[in-house]
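Quick notes on the structure that follows.
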Amino acid sequence: MNSSLNAARRERELAEVRGLVVDVLVVGLGATGAGAALDAASRGLSVAAIDAYDMAFGTSRWSSKMIHGGLRYLARGQVGVAYESAVERGRLLGRTAPHLVRAHPYLLPLVPEVSRRHAALVMTGYRVGEGLRIAARTPRHLLPGPSRITAAQALALASPLTSRGLRGALLSWDGRLADDARLVVTVARTAAALGARILTRCRALELSGDGALVRDELGGDTFTIRARTVVNATGVWAAGLHPGIRLRPSRGTHLVLRPETLPGLDAGLHIPIPGESNRFALVLPQPDGRVHVGLTDEPVDGPVPDVPPVPEEDVTFLLAILNSVLEEPVRREDVAGTYAGLRPLLAAEGHTADLSRRHALLTTPDGMVTIVGGKLTTYRRMAEDAVDRAVSLGRLDAGRSRTAELPLIGAVPASGPEDPDGARIANGTNGTNGGKGADGEGDREAGRLLERYGSEAGAVRALMAEDPWLAEPGPTGVTGAELVWAVRHEGALDVDDLLDRRTRIGLVPQDRDAALPLARAALAY
């Protein structure tokens, strides 16, 4: 079976699923739901996976894009969560998604507000994190170890930093995604290649252990999908389909800065939040030149919105933290866009920043499995646990999970950072030629496509040759060919899918408006 998702395949499989009893029905196509569809399909089970909107519509596209080793959880005594995170990070880096997940350097600037004692505690934590890397058997050539660098080296890597009182920086490495929504789409396509029916715009109106009443949000008709087992992977919306669950959503907010706002930022930044020993704001340079700044961790009360709004107080808070380490302050007008995501944490006492990220499996009396909690890094393990439970409850004939070693669509051999020991970064050089000349420009474009499409990058480049407009870059450098590819192979059905999830152009409203004609042309091509 091929991995291509498109409108024609959706219509065909939508008709098929009405007359079947599938082994596993998955509701929700975020990272965990797509992962559950892949896990079940890889065991030879028949699978239907539905979402009321689109793949990666909810929390999975609003993350910090970090694939991290769980050091934060270890500091709170959550040893199991930390180890699980480190193991899953290593799998993504080295085996299942090396084209989408790479090691990235981060600096913690040693400004006067960071005491020597605090710096020593953080470095101790980084070294414990190095122990997690070793325990998880992640090779050092994929993930270099921590070190302390001088002020001059720090400024070479992050020239916007203030030089006033700068004692240097702590350098650490962690995994990160260029695009979290792209990971979800890739997981779903891998599941489709193994026979899973991936059906977006299908809303579950009622859910039980033997299926769902579903409405086709495009056609408008209502029908039943029958299933031997059901996995509810709807995240912060899970309580609407599984009464009795008590969730305490936590909001993470990010700012999107224009490419010219912080020039010379080659490494990410960890900025300690005053008064809190283990919370940091993150400054994350993006492949398209934008910079994301996040994240707060605040409880959210009341109904869960489809797209969470960003309170102005979050913007003010993050700008204040960011400007505490910069030579020239970033102004409110430099913020080109904002976004917020809600994490589905199980309700407990205390601040949401302190709640466990361990996932939980809950079962209704009629056998529906609901999975909540967790985080993006451990989506695969969460999916495995959910399918294990479903297989047991449904007495399905299925083997063990295969996804720990199953490469995702487009996977290419892992290469790690440019040098194994991180010496290039530690020496304060970025090792690039600035993209000068035609060859440099071509190499940069080829590299960008490789990081997004892996082994499929050549097919995307071939598509560019079909028509001159397909090779023309739009906002953020995304070409018409990439949008057409998303329509033909990645299940994009409208301009929102194209601009807000298959690409992230829509994070900046001005860019989104500029890209609308290109998106419409791709849908009509």
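The values are calculated or read from the model by the stated rules, or taken from the named source; none is laboratory data. Small disclaimer: the values here were computed from a predicted structure and weren't measured. All Cβ positions, glycine included, derive from the backbone under ideal geometry; neighbour counts span all protein chains shown. Side chains are part of the model used for accessible areas, which takes the heavy atoms of the whole protein and leaves out ligands, DNA and RNA. Shrake-Rupley method; radii C 1.70, N 1.55, O 1.52, S 1.80 Å.
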Under the rule of at least 5 residues apart or a separate chain, name every residue whose amide H is placed under 5 Å from the amide H of Cys202.
Asp51, Ala52, Tyr53, Glu217
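Would you work out the charge dipole size for the range 88-221 about its Cα centre, treating the Cβ of every Lys and Arg as +1 and the Cβ of every Asp and Glu as -1, and quote it to the nearest 20 debye? Show your work: numbers first, answer last.
Numbers: 20 positive and 11 negative charges, 171 e Å.
I would put it at about 820 debye.
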What distance in nm lies between label points placed 7 Å from Cα along the C-beta direction at Glu472 and Val307?
2.6 nm
Sequence of Tyr53, Tyr379 from largest to smallest accessible area, 1.4 Å probe
Tyr53, Tyr379
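Calculate, in nm to one decimal, what Arg444 and Arg461 gain on full extension: separation in residues at 0.36 nm each, minus their alpha carbon distance.
On the way: separation 17, 0.36 × 17 = 6.12 nm, distance 1.33 nm.
Additional length available on full extension: 4.8 nm.
Work out, step by step, the length gained on full extension between Arg246 and Arg520: first 0.36 nm times the residue separation, then minus their alpha carbon distance; give nm to one decimal. Don't jump to the answer; show the numbers that get you there.
Numbers: separation 274, 0.36 × 274 = 98.64 nm, distance 4.16 nm.
Separation in residues times 0.36 nm, less the Cα-Cα distance, equals 94.5 nm.
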Whole Å is fine, so just give me how far the alpha carbon centre of the range 475-524 lies from that of the range 21-49.
27 Å
In this structure, the FRET efficiency calculated for Arg332 and Thr124 from their beta-carbon separation, with R0 = 30 Å, to the nearest 0.05, is 0.25
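Please report the antiparallel percentage of DSSP beta bridges with both residues in the chain, rounded to the nearest 5.
Here the antiparallel bridges make up roughly 75 percent for the chain.
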The range 123-187: radius of gyration over Cα atoms, expressed as a fraction of 2.2 N^0.38 Å:
1.44
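With all distinct Cα pairs included, what does the Kirkwood hydrodynamic radius of the range 55-142 come out to in Å, to one decimal, could you say? Write down the numbers at each step before the final one.
Values: mean 1/r = 0.0691 Å⁻¹.
It is 14.5 Å.
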Coarse-grained scattering of the range 479-525 at q = 0.23 Å⁻¹, given as base-10 log I(q)/I(0) from a Debye sum over alpha-carbon atoms
-0.67
Global size of the range 99-158 as Cα Rg and Dmax, reported in angstrom
13.3, 39
Estimated FRET transfer efficiency when R0 is 41 angstrom, pair Ser392-Leu205 (beta carbons, to 0.05):
0.90
Please report, for the Cα atoms of the range 170-222, the Rg to one decimal and the Dmax as a whole number; what are they, in angstrom?
17.3, 57
Rounded accessible area of Thr476 (nearest 10 Å², 1.4 Å probe):
40 Å²
Do you know the relative contact order of the range 143-207, to the nearest whole percent, from alpha carbon pairs under 8 angstrom that are 6+ apart?
31 percent
Using the Karplus curve 6.51 cos²θ - 1.76 cosθ + 1.60 with θ = phi - 60°, what ³J(HN,Hα) values do you get for each residue of the range 292-297, in whole Hz, with x for Gly and Pro?
9, 10, x, 9, 8, 9
Extension gain Arg137-Leu218, at 0.36 nm per residue separation less the Cα-Cα distance, in nm?
24.5 nm
Given the protein chains as shown and a 1.4 Å probe, how many square angstrom of Ile134 are accessible, to the nearest 10?
100 Å²
To the nearest 10 square angstrom, how much accessible area does His104 have with a 1.4 angstrom probe?
30 Å²
Could you state the accessible area per residue of the chain in Å², with a 1.4 Å probe and every protein chain left in place?
39 Å²
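Using a 1.4 Å probe on the protein heavy atoms, what percent of the accessible area of the chain belongs to carbon and sulfur? Walk me through the numbers before you get to the answer.
Numbers: 10660 of 20370 Å².
Carbon and sulfur: 52 percent of the exposed surface of the chain.
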Can you give the log10 of the normalised intensity I(q)/I(0) at q = 0.09, 0.10, 0.11, 0.12 Å⁻¹, computed with Debye over equal Cα scatterers of the chain?
-0.62, -0.78, -0.95, -1.15
Report the Stokes-Einstein translational diffusion coefficient (µm² s⁻¹, integer) for the range 135-291, Rh taken as the Kirkwood radius over Cα pairs, at 20 °C with viscosity 1.002 mPa s.
104 µm²/s
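Can you tell me the convex hull volume per residue for the range 61-218, based on C-alpha atoms, in Å³ to the nearest whole number? Each step should come with its number before you reach the end.
On the way: hull volume 29.3 nm³, N = 158.
Value for the range 61-218: 186 Å³ per residue.
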Using all Cα-Cα distances in the range 436-525, what percent lands in each 10 angstrom bin from 0 up to the longest?
18, 52, 28, 3
Quick one: what are the phi-derived ³J(HN,Hα) couplings along the range 65-71, Karplus 6.51/-1.76/1.60 with θ = phi - 60°, whole Hz, x for glycine and proline?
6, 8, 10, 10, x, x, 4
Kindly state, as a whole number, the per residue volume in cubic angstrom of the convex hull around the alpha carbon atoms of the range 1-115.
168 Å³
